[in-house]
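Participant: Before we start, here is the structure in question, set down as structure tokens.
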Amino acid sequence: MHKISKIGVLTSGGDAPGMNPCIRAVVRTAIYNGLQVVGIRQGYKGMIENDMYDMETRSVSNILSLGGTILKTARCNEFRTDEGMETAYKNIKAHGIDGLVVIGGDGTFTGALRFSQKHPDIAVIGIPGTIDNDLYGSTYTLGFDTATNTVIEAIDKIRDTADSHDRLFFIEVMGRDSGAIALRAGISCGAEAILLPEKSTAIDDLIKSLKEGQLNKKSSSIVIVAEGDKSGGIYDLAKAVQKEVKNYDIKVTILGHLQRGGSPSSFDRVLGSRLGFAAVNALIAGHSQKMVGLSANFIKLTTLEEALTEHEFKLEPDLLKMMEVLSI
Ligand code: F6P
């Protein structure tokens, strides 16, 4: 076990609301414990390009309410190569950094794990920061709550106009591999159906249930489609349904990147603070190659390897069934 004296902190992959409160917690917990902190800009790209700066207590003043990440972020293919990783390692060593806190999703953790396996002298702790809520070992990831609230606000507005015009809306939400936002938003907005990457939906069944809804005097219908759903894309899906459900006026809305922005919710501010605080304490305690997460409202450490494990159907099947029942 090596003693940590200087921590590097970075955000990587897609930004997520709550990253700033988390950075603030990392910086201040480190300084409180007598450690130095270096902010690494644009994730692994900044490690390779040596884009780093010393952070002080006041470097993170008044950022709790800010969306995005003050450290900026990037998706960095060069870090996947041996050369990229070696350059990053040399830069990190030159700064005297011996502990890393990486805030991001599965791509970020994959890089972190490979890096620390190659260079075990740099301890690494991961913080689950992604709106996708798809990491094993934490019930919630940073940004999921805020993003879902943003989606709900948008869909509630769409419901107003859908209902006024008796229309059927197909709404695409984020989640290339994860239907977590779609499921929570579906329950919260009373969607008639949700389509998820984790589960295939027969178009015939969807059409049947939409027709039943009309017979049951539903004036509007909302179908939430997660970005990674395998039905062939939201526009083709809407066209296929339109052929069969002729008397419904169908519209398509793609919510896109607005889902990633905005001021973090109270939940994400507290979660970010807790995870940042826990990550630094984990480094001080000698942990490495682990993720700090939240389980049953307690902080839990999971190995990065396990956090990245593919778990079959990570969404809660009971919630899916409940949604189906409640939307009749
Ligand atoms: O991983 C977070 C996420 O927002 C996914 O839900 C989405 O599929 C992806 O990032 C979009 O990435 P980008 O902003 O790089 O297009």
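The values are calculated or read from the model by the stated rules, or taken from the named source; none is laboratory data. Everything numeric here is computed off the predicted structure, so don't read it as measured data. A quick note on method: Cβ atoms are made from the backbone with ideal geometry, for glycine too, and the neighbour counts reach across all protein chains shown. Side chains are part of the model used for accessible areas, which takes the heavy atoms of the whole protein and leaves out ligands, DNA and RNA. Shrake-Rupley method; radii C 1.70, N 1.55, O 1.52, S 1.80 Å.
Participant: When you scan segment 270-293, do you find a residue that is in the same structural domain as ARG159 (by TED's automatic domain parsing) and of a type in the set (S, T, N, Q), even just one?
Facilitator: Of all residues in segment 270-293, those in the same structural domain as ARG159 (by TED's automatic domain parsing) come to none.
Taking every residue of segment 270-293 in turn, none turns out to be in the same structural domain as ARG159 (by TED's automatic domain parsing) and of a type in the set (S, T, N, Q).
Participant: Hey, another quick one. For segment 90-129, give me each residue that is open to solvent by 20 Å² or more (accessible area, probe 1.4 Å), within 25 Å of PRO21 (Cα to Cα) and among the polar types (S, T, N, Q).
Facilitator: THR110
Participant: Please verify whether ILE92 is touching a His at 6+ places or on another chain (Cβ under 9 Å) and among the hydrophobic types (A, V, I, L, M, F, W, C), treating the condition exactly as stated. Before you say what the answer is, go through the steps one by one.
Facilitator: Working: touching a His at 6+ places or on another chain (Cβ under 9 Å): yes; among the hydrophobic types (A, V, I, L, M, F, W, C): yes.
So ILE92 passes the test.
Conditions tested, residue by residue: (1) in contact with a helix residue (DSSP H, G or I) (Cβ under 9 Å, 6 or more places away or on another chain); (2) in the same structural domain as THR110 (by TED's automatic domain parsing); (3) open to solvent by less than 20 Å² (accessible area, probe 1.4 Å).
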site: SER138; (1), (2), (3): yes, yes, yes
site: ARG159; (1), (2), (3): yes, no, no
site: ARG167; (1), (2), (3): yes, no, no
site: ILE181; (1), (2), (3): yes, no, yes
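Participant: When the residues of segment 3-22 are narrowed to those that are of a type in the set (Gly, Ala, Ser) and more than 16 Å from the ligand (Cβ to nearest atom), which ends up nearest to GLY261 (Cα to Cα)? Before the answer, list the steps.
Facilitator: The first filter runs over segment 3-22 and keeps only residues of a type in the set (Gly, Ala, Ser), leaving 5, 8, 12-14, 16, 18.
Among the residues that remain, those that are also more than 16 Å from the ligand (Cβ to nearest atom) are: 5, 8.
Numbers: SER5: 34, GLY8: 25 Å.
Among those that are of a type in the set (Gly, Ala, Ser) and more than 16 Å from the ligand (Cβ to nearest atom), it is GLY8.
Participant: Hey, which of the strands (runs of 3 or more DSSP E) in segment 11-121, taking only ones fully inside, have at least 2 residues that are within 22 Å of GLY286 (Cα to Cα) and in contact with a strand residue (DSSP E or B) (Cβ under 8 Å, 6 or more places away or on another chain)? Write out each step before concluding.
Facilitator: Values: elements: 36-40, 52-55, 99-104.
The strands (runs of 3 or more DSSP E) meeting that bar are 36-40, 99-104.
Participant: Within segment 184-206, which residues are crowded, with 20+ Cβ neighbours inside 10 Å and among the small types (Gly, Ala, Ser)?
Facilitator: The answer is ALA185, GLY186, ALA191, ALA193.
Participant: Right, GLU212: open to solvent by 50 Å² or more (accessible area, probe 1.4 Å), within 23 Å of GLY14 (Cβ to Cβ) and not aliphatic (A, V, I, L, M) or not? Don't jump to the end; show me each part of the working.
Facilitator: Values: open to solvent by 50 Å² or more (accessible area, probe 1.4 Å): yes; within 23 Å of GLY14 (Cβ to Cβ): no; not aliphatic (A, V, I, L, M): yes.
Answer is no for this residue.
Participant: On to the next question. Evaluate the following for ASN149: is it in the same structural domain as ARG176 (by TED's automatic domain parsing) and open to solvent by 10 Å² or more (accessible area, probe 1.4 Å)?
Facilitator: Yes, satisfied.
Participant: Does at least one position in segment 68-89 carry a residue that is surrounded by fewer than 20 Cβ atoms within 10 Å (Cβ to Cβ), more than 16 Å from the ligand (Cβ to nearest atom) and either under 19 Å from PRO21 (Cβ atoms) or modelled with pLDDT under 95 (or both)?
Facilitator: Scanning segment 68-89, I find at least one residue that is surrounded by fewer than 20 Cβ atoms within 10 Å (Cβ to Cβ), more than 16 Å from the ligand (Cβ to nearest atom) and either under 19 Å from PRO21 (Cβ atoms) or modelled with pLDDT under 95 (or both), so the answer is yes.
Participant: While we're looking at this one, here's another question. Among the residues of segment 260-267, are any within 16 Å of the ligand (Cβ to nearest atom) and at positive phi? Break it down stepwise before answering.
Facilitator: Step one: list which residues in segment 260-267 are within 16 Å of the ligand (Cβ to nearest atom), which gives 260-262, 264.
Filter once more, so that each one left must be at positive phi: 262.
Taking every residue of segment 260-267 in turn, at least one turns out to be within 16 Å of the ligand (Cβ to nearest atom) and at positive phi.
Participant: I would also like to ask the following. Could you grab the pairs with beta carbons closer than 7 Å, sequence gap of 6+ or different chains, first residue in segment 257-272 and within 16 Å of ARG24 (Cα to Cα), second one exposed (fewer than 14 other Cβ atoms within 10 Å of the Cβ)?
Facilitator: If the second residue must be exposed (fewer than 14 other Cβ atoms within 10 Å of the Cβ), the pairs left are SER263/SER65.
Participant: Scan segment 159-170 and report the pairs whose first residue is under 12 Å from GLN242 (Cβ atoms) and touching a residue at least 24 places away in the same chain (Cβ under 8 Å) and whose second residue is of a type in the set (A, V, I, L, M) and assigned to a helix (DSSP H, G or I), with Cβ atoms within less than 6 Å and a gap of 6+ or a chain change.
Facilitator: PHE170/ILE234; PHE170/ALA238
Participant: I'd like the full set of residues that are more than 18 Å from GLY104 (Cα to Cα) and open to solvent by less than 10 Å² (accessible area, probe 1.4 Å), limited to segment 30-62.
Facilitator: ALA30, VAL37, MET55, VAL60
Participant: Only strands (runs of 3 or more DSSP E) wholly contained in segment 234-315 count here; list those with 2 or more residues that are within 30 Å of LEU206 (Cα to Cα) and open to solvent by 30 Å² or more (accessible area, probe 1.4 Å).
Facilitator: On the way: elements: 249-254, 290-295, 298-303.
Answer list for segment 234-315: 249-254.
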